[in-house]
Structures are given as structure tokens and as C-alpha cells.
1. Are any of the residues in region 83-94 surrounded by 12 or more Cβ atoms within 10 Å (Cβ to Cβ), assigned to a helix (DSSP H, G or I), hydroxyl-bearing (Ser, Thr, Tyr) and on the phi < 0 side of the Ramachandran plot?
2. Look at residue 49 and say whether it is in a helix (DSSP H, G or I), modelled with pLDDT of 95 or more and within 18 Å of residue 32 (Cα to Cα).
3. Which members of region 93-127 meet the condition of being in contact (Cβ under 8 Å) with a residue 12 or more places away in the chain, out of contact with any Phe, Trp or Tyr (no Cβ under 6 Å at 6 or more places or on another chain) and more than 16 Å from residue 65 (Cβ to Cβ)?
4. Which number in (1) under 14 Å from residue 118 (Cβ atoms); (2) modelled with pLDDT under 95 marks the one condition that residue 84 misses?
5. Just to be sure, is residue 40 surrounded by fewer than 16 Cβ atoms within 10 Å (Cβ to Cβ), in contact (Cβ under 8 Å) with a residue 60 or more places away in the chain, out of contact with any helix residue (DSSP H, G or I) (no Cβ under 7 Å at 6 or more places or on another chain) and in a helix (DSSP H, G or I)?
6. Determine, yes or no, whether residue 21 is modelled with pLDDT of 95 or more and not small (Gly, Ala, Ser).
7. Out of 56, 80, which single residue is free of Cβ contacts under 8 Å to residues at least 24 places away in the same chain, part of a loop (DSSP other than H, G, I, E, B) and charged (D, E, K, R)?
8. Identify all residues within region 59-77 that are more than 20 Å from residue 106 (Cβ to Cβ) and either in contact (Cβ under 8 Å) with a residue 40 or more places away in the chain or not charged (D, E, K, R) (or both); write none if there are none.
Amino acid sequence: MLATTPMRHAKAYGQMAIQTRTATTDAHGLIYLLFDAVDEQLSIALGALDAGDTERRGKAVNKSLLLIQQGLRGGLDLERGGDLAAQLDSLYEYCATRLVEAHASRSRPIFEEVRACLRTVFDGWKGIRPQ
């Protein structure tokens, strides 16, 4: 019982840090945090794949999908964003589909493809930081 109390406190602290970071971050920074979180979850999924830990891999894939679908895709303004927003929407949908395939087939190359694809967009996003 004693071991769970510090874990709960650490988890609560982590949640509070995330809430504080997102509350004080601009829109560009929030997208940055989403990309960073997806990359972290994909890293966890790859580690779990190597370890044969299906449950942990599944949780990381589910979190990645939520971040992609509700975060990155959900943040797109398809009406005002023009062709770029439409292309990003298609790309995120493709990544989500491939991520499901990667999980179902336990395919490291597909996981790495998704990660590389999102990292390319992330690198571009870092380069357009507003002043």
C-alpha cells in the first residue's frame, strides 16, 4: 500500500505540470506539445513491441491515436486553412490508419514510418515559430 501513494503523488504532479504547461502555452506551443507527446507514445510503443508487451503497446498506440485524431487533426481549421490544412488532415488520417496496421501486424517498419512522417511535419512546425 505504501508504494502506491508515492506513485499517485507523482502521477498527480505530472498531471498538474501538464495542465500548467498547456494553460500557459500559445496555439503554436500546444501543437508542439502534441507532436512531442505523439513521438513519446510512439517511442513507448516501439519499446513495448521489442519487449513483447502487447498491453503497453496497445495503450501507447491508443494514446497516439487520440493525440493525432483529436489533437492534431482536431486542431486544423479546414475552412480557413486551405490546401495545407486539407493535406495535413489527409496525412494525419494516413498516419492513424498506418498506426492501427502497425499495431495489428506488430510491424516495426510501419511504426517507424509513422514516426518519421510525423517527425518531418514536427520539424517543419518548429521552423515556423511565430515571433
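The values are calculated or read from the model by the stated rules, or taken from the named source; none is laboratory data. None of these values were measured; they are calculated from a predicted model. No Cβ is skipped: glycine too gets one built from the backbone with ideal geometry, and neighbour counts run over all protein chains shown.
1. Yes, region 83-94 contains at least one residue that is surrounded by 12 or more Cβ atoms within 10 Å (Cβ to Cβ), assigned to a helix (DSSP H, G or I), hydroxyl-bearing (Ser, Thr, Tyr) and on the phi < 0 side of the Ramachandran plot.
2. On the way: in a helix (DSSP H, G or I): yes; modelled with pLDDT of 95 or more: yes; within 18 Å of residue 32 (Cα to Cα): no.
Judged against the criteria, residue 49 is not a match.
3. 106, 108, 112, 119, 121, 125, 126, listed by residue number.
4. (1)
5. Details: surrounded by fewer than 16 Cβ atoms within 10 Å (Cβ to Cβ): yes; in contact (Cβ under 8 Å) with a residue 60 or more places away in the chain: no; out of contact with any helix residue (DSSP H, G or I) (no Cβ under 7 Å at 6 or more places or on another chain): yes; in a helix (DSSP H, G or I): yes.
Against the criterion (surrounded by fewer than 16 Cβ atoms within 10 Å (Cβ to Cβ), in contact (Cβ under 8 Å) with a residue 60 or more places away in the chain, out of contact with any helix residue (DSSP H, G or I) (no Cβ under 7 Å at 6 or more places or on another chain) and in a helix (DSSP H, G or I)), residue 40 does not qualify.
6. Working: modelled with pLDDT of 95 or more: no; not small (Gly, Ala, Ser): yes.
No; evaluated as a whole, the condition is false for this residue.
7. Working: 56 fails: part of a loop (DSSP other than H, G, I, E, B).
Sole residue among the options that is free of Cβ contacts under 8 Å to residues at least 24 places away in the same chain, part of a loop (DSSP other than H, G, I, E, B) and charged (D, E, K, R): 80.
8. Hits for region 59-77 are 66, 67, 69, 70, 71, 72, 74, 75, 76.
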